[in-house]
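**Q** The following block contains the structure, expressed as structure tokens.
FYI, it's all coordinate maths here, none of it is from the lab. Since the model is a prediction, treat every value here as computed from it, not as a measurement. Note that we place each Cβ from the backbone using ideal geometry, even for glycine, and neighbour counts take in every protein chain shown.
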Amino acid sequence: MAAFTRGSFTFMRRLRLSSQILEHRHKRCCSRVQTGRPDYTLHPHYVFIPQLCSARFFRTSYVTPGPILPFKLSDIGEGIMEVTVKEWYVKEGDKVSQFDSICEVQSDKASVTITSRYDGVIKKLYYEVDATALVGTPLVDIETESGPEVAHEEDVVETPAMSHDEHTHQEIKGHKTQATPAVRRLAMENNIKLSEVVGTGRDGRILKEDILNFLSKQTGAILPLTPFHEIQPPLPTASAPSSVVKPKAKPPPSVPLPAISRPVFSGMDSTEPLKGFHKAMVKTMTAALKIPHFGYCDEVNLTRLVQLRKELKGLSDARGVKLSYMPFFIKAASLGLLRFPILNASVDEAVQNITYKASHNIGLAMDTSQGLLVPNVKNVQMLSVFEIAVELNRMQTLGATGQLGTADLTGGTFTLSNIGSIGGTYAKPVILPPEVAIGALGKIQVLPRFNSRDEVVKAHIMNVSWSADHRIIDGATMARFSNLWRDYLENPASMVLDLK
């Protein structure tokens, strides 16, 4: 009885030990399926139990996930800073390979397809369809496959895109061709459709060799794989075996360029505060930007005025006064302001009231050593052409010496800028507040024109550019004033009828 009990305990102990060994082997994940019995030569006390030893064991393999890399939208050229996502070709959880299409984006210039640079799994889409994606922001997150071949590269992970027109013929029955940007550029430079080329790379990817072989079949030439993407022309073949090959002429020896010493620049930037007339100009021009400008341009035939000035110049010089064209321009403007007084007005800051000026204080923009100055001739409506010329001579003398006073520089109601004395034909003059109109006069040019008998004659032509405050002056008023001013100058004798 004792022996039987001891044998039973021994059997149970061995059975428990056998179970622990089997469990230990299962946890070790055996590398191959094992069936059979334990080795009794190594473990003589084991008891063979067929129900326990017939278990099958499998090795469990674990795939370590790779790093998750953000796929950023890089610069696609032409200064584009944002695009619109038009279509996604993948969704979260999709497995992608290199050069697989990720999405299609639309810029203001073209439709572009973005392709993958990595093999991996899409983990996140950052934008919805029709959303705006900014350059430098992630498009998707890709969990790359672990391994030494996956490198942590820079954030520039977008493959160069191809246009929508190019993308349409890259698909063959739903299969997209795969090629590197260099290969696509080589194909584009040689007008080759990638859909016509058979790729020999992995997964049918088109290599540069495939493009060159395709070209060689078309041209019959053997194309070497040069480091550059240039197609070499076929070499000429000899006409006969007996032809003598002439030796190539040696290139002339290169002459070394003389060494040129670069000058050392030692200049320094300087900063100075705005003051005087410059500071006043900043204030005036800043206020002028608040005025909506209306522009109007025309040309004036001054042939008769040129002849009249030539006749009067000798008389004016005899009186000690230099007679230019400006006295005529100023007097014609004053006569026009009598007909269109709204151009000789001012408006308050709230633009609620218009003040019509009684005096025609016409300013003349002058280029002086102190900067831009605009003195004005007071009460032009009461002055003759000669009296205007006397006043202009006085102001030009004071302006050259920097002695123009406040009385000469204030109170203007209308302005003319003789920019043509320096050069140029048309301009865009800026109104001087509180005035509401200004004119810029171009240089006088001798140009061919047709006369009343349809004959080509020599004419003295000047262009004029007007700017008016469009808040109170409409275009028709400015045009009618310009036409009247032009008529006075083209027929200077007509001014005599309106002179007072």
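**Q** Which order, highest average first, do 383-389, 313-319 follow once you tally other Cβ atoms within 10 Å for each residue and take the mean per peptide?
**A** Highest-to-lowest ranking by the protection proxy: 383-389, 313-319.
**Q** Same structure again: Skipping prolines and chain starts, which residues have an amide H placed within reach, meaning under 5 Å, of the one on Val436, given they are 5 or more residues away or on another chain?
**A** Ala345
**Q** Taking H as built 1.01 Å from N, whose amide H comes closer than 5 Å to the amide H of Gln370, not counting residues under 5 places away?
**A** Those lying under 5 Å, H to H, from Gln370: there are none.
**Q** When only C-alpha pairs under 8 Å and at least 6 residues apart count, what is the relative contact order of the stretch 357-500, in percent?
**A** Over the stretch 357-500, the number comes to 18 percent.
**Q** Regarding the stretch 374-500, what whole-number volume in Å³ per residue does the convex hull of its Cα atoms give?
**A** Convex hull of Cα atoms, per residue: 147 Å³.
**Q** Would you grab the residues whose amide H sits under 5 Å from the one on Asn379? Only those 5+ places off in sequence or on another chain, please, with H modelled 1.01 Å from N.
**A** His360, Asn361, Ile362
**Q** Could you give me the ³J(HN,Hα) list for the stretch 100-105, computed from phi with Karplus coefficients 6.51, -1.76, 1.60 and θ = phi - 60°, whole Hz, x at Gly and Pro?
**A** Couplings: 6, 6, 9, 7, 10, 10 Hz.
**Q** Within the stretch 429-469, list the trypsin sites (Lys or Arg not before Pro) lying in a DSSP loop whose Cβ has at most 16 other Cβ atoms in a 10 Å radius.
**A** Arg453
**Q** Net charge near Asp348, counting Lys/Arg +1 and Asp/Glu -1 over other residues with Cβ under 15 Å of its Cβ?
**A** Summing Lys and Arg as +1 and Asp and Glu as -1 gives 0.
**Q** Restricting to Cα atoms and excluding each atom paired with itself, what does the Kirkwood estimate give for the stretch 277-497 in Å?
**A** After inverting the pairwise mean of 1/r, the radius is 18.0 Å.
**Q** Taking 0.36 nm per residue of sequence separation and subtracting the Cα-Cα distance, how much length would be gained by fully extending the chain between Ala131 and Thr397, in nm to one decimal?
**A** Using 0.36 nm per residue and subtracting the Cα-Cα distance, I get 89.1 nm.
**Q** While we're here: For Lys290 paired with Lys95, estimate the spin-label separation in nm (one decimal), with each label point 7 Å from Cα along the Cα-to-Cβ line.
**A** 6.9 nm
**Q** For all pairs of alpha-carbon atoms in the stretch 399-438, what percent lies in each bin of width 5 Å, listed from the first bin to the last filled one?
**A** Reading the bins upward from 0: 6, 18, 19, 22, 23, 11, 1.
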